[in-house]
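So the structure is just underneath, and the comments pick up after that.
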Amino acid sequence: MWEDTQIHSLSHASLRALIESRIPAVRIDNFATHEEMQRLLAGLLEHACRTSSIKQVARLGISQYEQGVRASKQAYFALARQLDENFSRIFAQSFPPVQRLIGKLSEVGFDAEIMSEPGLGSYFAGNGKLRNGFSPIHVDFAAQDSDGWAIGAASAQLAWNLYLRVSEQGGELLLWDKLWSPEDDVHQVPDSYFYTEAVVGGARMLSVDVQPGEVIIINSRNYHAVGEARDRLAFGSFISAFEDGRLRFWS
Ligand SMILES: O=C(O)CCC(=O)C(=O)O
């Protein structure tokens, strides 16, 4: 349960509290300059491969669930190698957001790096998400669906987003003080990863107006949603937290 409803600045203690779901979110202001963000945004829109899970979100990149769990591990890691090349070029013309965040987590005392799978190499980490519409209530927690993948052994999962372009209206990030547990699945909408509002009935909710240039990190096992948005572009990935303290990035 949250100890307060504040968004905390990044420190070892705040990130630890987020991993334990004791606070709703951690914010890093001024993560990138306007110029860096414009270049990243342009590079992603022009050069990144596009995939999607729902029509409201064009994913500029790939996802372990869509291209991995629903296809195969081999397919995901083969794509990951292609995208590493594609994205290195985009980052060379803008800046490397994943490595910048890894640096910031290391500075506050975490063992942070990109996730790897024994025998298959590094996961892909860092997608653009171009949103037109809303994302209903959901969680992102690999232990739910990733048996046989190293991320399935994580004890907690975070999601971070750098907001490159925000919606003129709406597009708020909605967070609930409730963690997913298996018995919640009676509220899951059939054939989707969304849940009906009954799943968060009675839980505290925080609405966050996201700002361009900031990074917000959430515990993605907490129920969350995004309000109706136009042309909202966020860039981010998941971070698995393991019992031994390792933080590992992947998408
Ligand atoms: O874009 C956001 O603010 C959060 C998006 C989201 O649902 C997620 O990262 O899982």
Go through the stretch 35-68 and report how many residues are in a helix (DSSP H, G or I), of a type in the set (A, V, I, L, M) and buried (at least 18 other Cβ atoms within 10 Å of the Cβ). 4
Can you tell me which residues in the stretch 69-100 are surrounded by 17 or more Cβ atoms within 10 Å (Cβ to Cβ) and among the small types (G, A, S)? A80, S94
Over the stretch 1-34, the set of residues more than 17 Å from the chain's Cα centre (by Cα), surrounded by 13 or more Cβ atoms within 10 Å (Cβ to Cβ) and of a type in the set (S, T, Y) is T5, S14
I'm trying to understand the selection: among the residues of the stretch 33-61, which are within 21 Å of Q82 (Cα to Cα) and of a type in the set (V, I, T)? T51
Would you tally the residues in the stretch 115-141 being among the aliphatic types (A, V, I, L, M), over 23 Å from L206 (Cβ atoms) and touching a helix residue (DSSP H, G or I) at 6+ places or on another chain (Cβ under 7 Å)? 3
Between F238, F242, which is surrounded by fewer than 20 Cβ atoms within 10 Å (Cβ to Cβ) and closer than 21 Å to K104 by Cβ? F242
Before we move on, is R221 within 13 Å of the ligand (Cβ to nearest atom) and either modelled with pLDDT under 95 or out of contact with any Gly (no Cβ under 9 Å at 6 or more places or on another chain) (or both)? yes
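The values are calculated or read from the model by the stated rules, or taken from the named source; none is laboratory data. What you see is a predicted model; the values in this text were computed from it and never measured. Don't worry about glycine lacking a Cβ; one is built from the backbone with ideal geometry, like all the others, and counts go over all protein chains shown.
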